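Reading through the structure tokens given below for one structure.
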Amino acid sequence: MTVYQCEDSMESVFTAVYRAYEEKRPPEEVSLSMTDEPMLFAEFIPVEPDRERTRKVVSTLWRNFGEDDYLKICMALAAPDPEKGQAVYRTIVHGLRDKCRQGHLFDDLKDDYVRKTFELARGVLREYDHQRGFLRFKEVELIQDCRNVAEDPGGELWGEFSLCADAGASREAGARSVLYARIGPKNHLLTFLMPHFADRFPGENFIIYDESRKIIGIHPAEGREEEKGETSGTGKGEGIRKEQCERKGGSFRGSSGDAAGEQKPMTWYLASCGDGFTALDGLRSSGRELAYQELFTYFCLKIAIRERRNLELQRNMLPLRFREYMTEFQKNMKQ
Amino acid sequence: MGALTVGQGMTLMEKLGILADAAKYDVACTSSGVDRRGNGHSSGNCVACGICHSFSADGRCISLLKILLTNECIYDCKYCINRCSNDVPRAAFTPDEICTLTMEFYRRNYIEGLFLSSGIVQSPTFTMELICRTLWLLRSRYRFNGYIHVKAIPGADPELIRQTGFLADRMSVNLELPTAEGLKSLAPNKHRRNILTPMRQIQNGIHANRNELALYRSAPRFVSGGQSTQMIIGATGESDYQILEVAQSLYRKFELKRVFYSAFVRVNEDRALPALPGGPPLLREHRLYQADWLLRFYGFQAEELLSESRPFFNVLLDPKEDWAVRHLEFFPVEINRASYEQLLRVPGVGVKSAKRIVAARRNGNLNFEQLKKLGVVMKRALYFITCGGRMMYRTKLEEDYIVRNLTCERNRIQFGSEGMTYRQMSLFDDGRFQRQVTPQEKLQVAVGQI
């Protein structure tokens, strides 16, 4: 038995898949582990994520199984399950061996691994659908002293945003502000949420902070490519490590760009931040923000039909764990 | 063109309160089947499956900023809170207020788009023009690219409806009541012909637009999300059968995307309205939606589900179970052989699980365990299916037996209290007997100690 030890990332799993094929090991003898759990009589091989190998695996998956099934595999890998690596590996093996046509990778749900991957992907997709709707932005002020708050490690980040706020101000009358959202999903959704919102709000500066993973997604408003090119390379803040996410973004929705080069590159970044990350704590809502929060809360109250009141149904459709982050369910609001 | 003068001195908050309150009985959904990617400069895109952004205390989804332009109305429909004879606070939004609200809510991800309806001010044409102007402002000046659902006002100038259609994703004309007689008794100002005319116009517009789009890819899209309508359930004496027949003909003849059913809520005191001591007929609405799904996705016909002699849905069984127990000649269905259409008719098997079954059985026979994992609801399906020629348990293919088993766990007391019991009576079958029976007590009964 050979055990490839991967980190919890798509790149790492795909590299391990590549190596398992490269070393021509029989699939039944291979296991992908994401934990340090020891196994008797097994050869352990730690896997270093490798960009080139990942790219090759991605293009193979895309070519053989089509975009939808490839996305499903990506989604399965966003789940917090420690066995997802193994499930995905065996799903890929199953698909390649049976020569599944595009869009038919998940046909054989009798297979335990295929079903496992399918179920993981479905769970992630479900939460993604929820989160896409339940995420709430609030407009925050970019104030000068925010950058000085306790020499925060995100200082550089704010520098970038104040730049784009300036650019926005000069472009249009009325300064553009920054939208900020806090989420705490079970799965690693940020890589899926960012393209959705980047497509939806091309003209907005927004950041989404994933509390449970300490990751921020950053989207600067369109129209300032020059500055972005400069800042994305540096990333010298202590708590913040900028990942090269044009690639990440590209490998999901955009990466048909491999074949059709005309697609615009994704314009968002992911940054992982350390434990002492406090840059987002001192955010102050902009002046009109509170007014709109109140308006929406009032709207939600008014739109309910008293005669049909059904809190259980509401709870089924909108689980309580999302409400902590939602404007209309905050305690200080009138509801 | 004069502006509206109602509710001038009100704050935005007060107006929103009044006009959201007035719009809440309209039903809408963003799952229009339209995927529209962002265009890179203006705000907004559309997602085919729709996105629910919140859920209100009645459990209905909040996906659109659902408001009326104004609740001022010249009509006097008896069921409507905004009828002209009611003394309710009146308000009106200015187009700019609607646009600002929509944009600000949208960029905070509160909503998926705008749902705009209106009371009739001055005349239908005047109202339609106000709506059209608002949408134009929102699309061009505020550069909103998200979802817009708008009401077409019956009796308005067709040209205005056409113009509006190019700005909106979905249009709807409310049928309100399924029959012309119902409409006559409750909505004296509305006429069935007036309602169906714009519906037909939009349908023709969509057809013409489809041809244009085939020729010129970038031609403007006309009502890309199709049209929908809404019927009030329980305000007049129509049967479920009549309602379903109407819905079916709307789907066939007018190619509607959705027919919404809205349980009647008695908001006005009026002699012509039914009293509903048990609250709005929610179960009836639910059954109609279930049947609606059977019509659209499961290949059922209205005549199969109901008939003149059985004009109402079963309270205890859903329409598909009800159909299945009355047509046991089609069952049991062999999962590994049956066609997709046959599978769809099995209670407990939905569109998704039927597709999965068809895909999965290519690689070998399925068994019950796997079927459960594919998402089939076994507690409903097990009476109607075989896997490899075997039923899951020893069950009888009898109507009474199946009905008893399908209903007993759900609603024991209610089932027994109607006096139609199919079970062997036991000592604990008293409706007043609320407590759970302990195993010890059962033992005592068995050995005759109680």
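The values are calculated or read from the model by the stated rules, or taken from the named source; none is laboratory data. If you're wondering where the values come from, they're calculated on a predicted model, not measured in any experiment. Glycine also receives a Cβ, built like all others from the backbone with ideal geometry; neighbour counts cover every protein chain displayed.
Filter the range B:361-393 for residues that are more than 14 Å from chain A (Cβ to nearest Cβ) and either touching a residue at least 60 places away in the same chain (Cβ under 8 Å) or surrounded by fewer than 16 Cβ atoms within 10 Å (Cβ to Cβ) (or both); which is nearest to residue A:105 (Cα to Cα)? It would help to see each step written out before you state the result.
Step one: filter the range B:361-393 for residues more than 14 Å from chain A (Cβ to nearest Cβ), giving B:377-386, B:389-393.
With either touching a residue at least 60 places away in the same chain (Cβ under 8 Å) or surrounded by fewer than 16 Cβ atoms within 10 Å (Cβ to Cβ) (or both) added as a condition, the list becomes B:377-379, B:384, B:389-390, B:393.
On the way: B:377: 24, B:378: 26, B:379: 29, B:384: 30, B:389: 29, B:390: 29, B:393: 33 Å.
Only one residue fits best here, namely B:377.
When you look at residue B:105, is it without any contact (Cβ under 8 Å) to a residue 12 or more places away in the chain, touching a strand residue (DSSP E or B) at 6+ places or on another chain (Cβ under 8 Å) and at the interface with chain A (Cβ under 8 Å from one of its Cβ atoms), yes or no? Walk me through it before giving the result.
Values: without any contact (Cβ under 8 Å) to a residue 12 or more places away in the chain: no; touching a strand residue (DSSP E or B) at 6+ places or on another chain (Cβ under 8 Å): yes; at the interface with chain A (Cβ under 8 Å from one of its Cβ atoms): yes.
No, not satisfied.
Identify, please: which residue in the range A:10-44 is surrounded by fewer than 15 Cβ atoms within 10 Å (Cβ to Cβ), in contact (Cβ under 8 Å) with a residue 24 or more places away in the chain and under 28 Å from the mean Cα position of the chain (by Cα) and is, among those, nearest to residue A:98 (Cα to Cα)?
A:35
Take the residues in the range B:61-93 that are among the polar types (S, T, N, Q) and over 22 Å from the mean Cα position of the chain (by Cα), then tell me which one is farthest from residue A:134 (Cα to Cα).
At the first step, the residues of the range B:61-93 found to be among the polar types (S, T, N, Q) are B:63, B:70-71, B:82, B:85-86.
In the following step, the residues that additionally are over 22 Å from the mean Cα position of the chain (by Cα) were identified as B:70-71, B:82, B:85-86.
On the way: B:70: 29, B:71: 30, B:82: 32, B:85: 40, B:86: 37 Å.
So, considering only residues that are among the polar types (S, T, N, Q) and over 22 Å from the mean Cα position of the chain (by Cα), the one farthest from residue A:134 (Cα to Cα) is B:85.
Name the residues in the range B:337-360 that are crowded, with 22+ Cβ neighbours inside 10 Å, of a type in the set (Val, Ile, Thr) and either assigned to a helix (DSSP H, G or I) or at positive phi (or both), would you?
Across the range B:337-360, the qualifying residue is only B:357.
Quick test of your reading of the structure: residue B:76 fulfils all but one of (1) in contact (Cβ under 8 Å) with a residue 60 or more places away in the chain; (2) under 30 Å from residue A:222 (Cα atoms); (3) more than 10 Å from every other protein chain (Cβ to nearest Cβ); (4) surrounded by fewer than 16 Cβ atoms within 10 Å (Cβ to Cβ). Name the failing condition by number.
(2)
Can you confirm whether the range B:138-148 contains a residue that is out of contact with any strand residue (DSSP E or B) (no Cβ under 7 Å at 6 or more places or on another chain), part of a helix (DSSP H, G or I) and either under 26 Å from residue B:251 (Cα atoms) or away from chain A (no Cβ under 14 Å) (or both)? Before the answer, list the steps.
Residues of the range B:138-148 out of contact with any strand residue (DSSP E or B) (no Cβ under 7 Å at 6 or more places or on another chain): B:139-142.
Right, trim to part of a helix (DSSP H, G or I) and you get B:139-141.
Applying the additional criterion that residues be either under 26 Å from residue B:251 (Cα atoms) or away from chain A (no Cβ under 14 Å) (or both) yields B:139-140.
So far as the range B:138-148 goes, yes, one or more of its residues are out of contact with any strand residue (DSSP E or B) (no Cβ under 7 Å at 6 or more places or on another chain), part of a helix (DSSP H, G or I) and either under 26 Å from residue B:251 (Cα atoms) or away from chain A (no Cβ under 14 Å) (or both).
With respect to residue B:21, determine if the residue is under 28 Å from the mean Cα position of the chain (by Cα), surrounded by fewer than 18 Cβ atoms within 10 Å (Cβ to Cβ) and not aliphatic (A, V, I, L, M). Explain how you work it out, then say what you get.
Values: under 28 Å from the mean Cα position of the chain (by Cα): yes; surrounded by fewer than 18 Cβ atoms within 10 Å (Cβ to Cβ): no; not aliphatic (A, V, I, L, M): yes.
Criteria not met by residue B:21.
Can you tell which of B:233, B:243 is within 14 Å of another protein chain (Cβ to nearest Cβ) and within 26 Å of residue B:322 (Cβ to Cβ)?
Numbers: B:243 fails: within 14 Å of another protein chain (Cβ to nearest Cβ).
The unique qualifying residue is B:233.
Out of the residues in the range A:295-316 that are within 7 Å of chain B (Cβ to nearest Cβ) and farther than 18 Å from residue B:262 by Cβ, state the one that is surrounded by the fewest Cβ atoms within 10 Å (Cβ to Cβ).
In the first step, residues of the range A:295-316 are kept if they are within 7 Å of chain B (Cβ to nearest Cβ); the result is A:295-296, A:298-300, A:302-305, A:307-311, A:313-314.
Of the ones still in play, those that are also farther than 18 Å from residue B:262 by Cβ are A:295-296, A:298-300, A:311, A:314.
Working: A:295: 20, A:296: 26, A:298: 19, A:299: 26, A:300: 23, A:311: 11, A:314: 18.
Per the criteria, the residue is A:311.
Would you mention how many residues in the range A:254-294 are modelled with pLDDT under 75, surrounded by 20 or more Cβ atoms within 10 Å (Cβ to Cβ) and facing chain B (nearest Cβ under 10 Å)?
0
For the range B:20-51, what are the residues that are at the interface with chain A (Cβ under 10 Å from one of its Cβ atoms), aliphatic (A, V, I, L, M) and under 21 Å from residue B:108 (Cα atoms)?
Correct list: B:20, B:47, B:51.
Among what's in the range B:29-59 and is within 25 Å of residue B:140 (Cβ to Cβ) and of a type in the set (D, E, K, R), pick the residue that is nearest to the chain's Cα centre (by Cα).
B:35
For a quick check of your reading: which strands (runs of 3 or more DSSP E) sit entirely within the range B:153-267 and have at least 2 residues that are hydrophobic (A, V, I, L, M, F, W, C), at pLDDT 90 or above and within 30 Å of residue B:283 (Cα to Cα)?
Filter on the range B:153-267 gives B:227-233, B:258-263.
Any residue in the range A:89-104 that's within 12 Å of chain B (Cβ to nearest Cβ): show its pairings with residues that are of a type in the set (Ser, Thr, Tyr) at Cβ separation under 9 Å, as long as the two are six or more apart or on different chains.
Matching pairs, first to second residue: A:94/A:113.
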